[in-house]
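Step one of this worksheet: look at the structure below.
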Amino acid sequence: MRARCAPLGSIVVLGLLAACAGGAPAASRPSEASTPAGPASAPAAAPPAQAPAAPAPAAEPLPLTTLKIAAQPSIASAARYVAMDRGYLREQGIELEEVPSTTSAQMLPSLAAGQIDMGLGGAAAGIFNAIAQGIPVRMTLDMWTAYPGNQSGGLIVRRDLIDSGQVRDFRDLLGLRVGITSKGQATEYGLHAGLAQGGLSLVDVETVEMPYPDMTVALGNRSIDAAVTIEPYGTQAVVQGFAARFKAWPELIPYDAPASIMFSEDLIEMRADLARRFALAYVRGLRDYDQARTKGKDREAVIAIMQNHVPLLDRAMYDQIPWPSNNPDGRVNAEAIAAAQDWFAERGYVQTKVDISRVVDNQFADYAVAQLGPYQP
């Protein structure tokens, strides 16, 4: 059967051209009418046999360049882990060096100084203020988009309050103590959006600032009544019996963009080819992850990859955690980021709003899609 050559990314197309083309067509046999008439003559000497054509040389692998990314282990980074462990980044001549970083206060100055090439972050007042003050970083590739129906993250409530019927809707949060990471961050923004659906505002609850891991403990000892959290912390609180799922992140802010990869100005402006190659490998990882999340394709293999990079979670947890949804074409939702900036500005957390084109740059995701084609679910 004749081989079919499907369109592939540019990194492999050149290597497959010979296979797709097949052999040269056979020369047609002369018809009897074209054979010259006349006495038979001695057969002509056969032409010398030709040596078989040498195979096309394999494409030279790209020299490896190390990119530094500020990150902490997280299942929201699963696509990046897939791109690393399946060799997609290495095919593009890239190795990643992870630099531990827990806050944007640590990450942003390092990005601005060129000490790291990439960081992870979402819509927060500090990001907008940093860009307004001249720190040139941009959100370039999606990590987590809150698509309706996805259950990852969001608002969890003490189990006893749910089981007793005391909390059934947003309006029942009146007067309760709710954990958020910090004012001016996505958790406060998400809480505001949820409370508004119940006719409440932030002044109608008592917000308590704490890191995500501490929220689980606080729910267990009843020092808070609810929390806006992310995975795996939400699932850990549920599994331990401290909390119940109340409203997932998409029920707070549909299509929100809580997490993305940010590039430094140097990577964008001075090493754009390298940035494009990273994006191509990363989007391949996004699509593998999405297939595992939505269709179960290679699910165990993808879980094994996540376990390799997030070692604190045992295998059983991956069947209980709602995996975060994301855009398999890699684009960051600029409208969601703009809406977040508007809210932070209204609250006084952002003094000078910046043009959203200085915050979100989807050119690298678009490049990856141009090479791979639009995602086919």
Task: Single residue of Val217, Val239, Val228, Val208 found to be surrounded by fewer than 20 Cβ atoms within 10 Å (Cβ to Cβ), within 30 Å of the chain's Cα centre (by Cα), in the same structural domain as Ser182 (by TED's automatic domain parsing) and under 10 Å from Val178 (Cα atoms) - done: Val208
- [ ] Show the residue pairs that are 6+ apart or on different chains and have beta-carbon atoms under 8 Å apart, the first residue being within the stretch 213-232 and over 18 Å from Tyr189 (Cα atoms), the second being of a type in the set (Ser, Thr, Tyr).
- [x] Pro213/Tyr233; Thr216/Tyr233
Task: Selection from the stretch 159-195 of residues that are over 29 Å from the mean Cα position of the chain (by Cα) and among the small types (Gly, Ala, Ser) - done: Ser164, Gly165, Gly175
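Quick grid of which residues meet (1) within 29 Å of Ser110 (Cβ to Cβ); (2) assigned to a loop (DSSP other than H, G, I, E, B); (3) under 18 Å from the mean Cα position of the chain (by Cα):
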| position | (1), (2), (3) |
| --- | --- |
| Met317 | no, no, no |
| Pro322 | no, yes, yes |
| Asn326 | yes, yes, yes |
| Arg331 | yes, yes, yes |
| Ile337 | yes, no, yes |
| Gly348 | yes, yes, no |
| Gln351 | yes, yes, no |
| Asp366 | yes, no, yes |
| Tyr375 | no, yes, yes |
Open item on the list: Take the conditions buried (at least 17 other Cβ atoms within 10 Å of the Cβ), farther than 26 Å from Glu97 by Cα, free of Cβ contacts under 8 Å to residues at least 60 places away in the same chain and not β-branched (Val, Ile, Thr) and apply them to Gln341. Does it pass?
Closed with: no
Task: Count of the stretch 113-132 residues which are without any contact (Cβ under 8 Å) to a residue 60 or more places away in the chain and either part of a helix (DSSP H, G or I) or not assigned by TED's automatic domain parsing to the domain that holds Ser77 (or both) - done: 3
TODO: Go over the candidates Thr145, Thr207 one by one and state the one that is in contact with a Gly (Cβ under 9 Å, 6 or more places away or on another chain), of a type outside the set (D, E, K, R) and under 25 Å from Gln72 (Cβ atoms).
DONE: Thr207
Open item on the list: Residues that are among the small types (Gly, Ala, Ser), at least 1 per element: which helices (runs of 4 or more DSSP H) completely within the stretch 187-295 meet that?
Closed with: 212-220, 233-239, 272-295
- [ ] Scan Asp142, Asp172, Asp160 and give me the residue that is assigned to a strand (DSSP E or B) and modelled with pLDDT of 95 or more.
- [x] Asp142
TODO: Scan the stretch 77-101 for residues that are in contact with a strand residue (DSSP E or B) (Cβ under 9 Å, 6 or more places away or on another chain), surrounded by fewer than 23 Cβ atoms within 10 Å (Cβ to Cβ) and closer than 25 Å to Thr235 by Cβ and report the count.
DONE: 4
Open item on the list: Checking Arg222 against (1) crowded, with 18+ Cβ neighbours inside 10 Å; (2) more than 27 Å from Pro311 (Cβ to Cβ): exactly one of these is not met. Which one?
Closed with: (1)
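The values are calculated or read from the model by the stated rules, or taken from the named source; none is laboratory data. Predicted model only: the values in this text are computed from it and were never measured. A quick note on method: Cβ atoms are made from the backbone with ideal geometry, for glycine too, and the neighbour counts reach across all protein chains shown.
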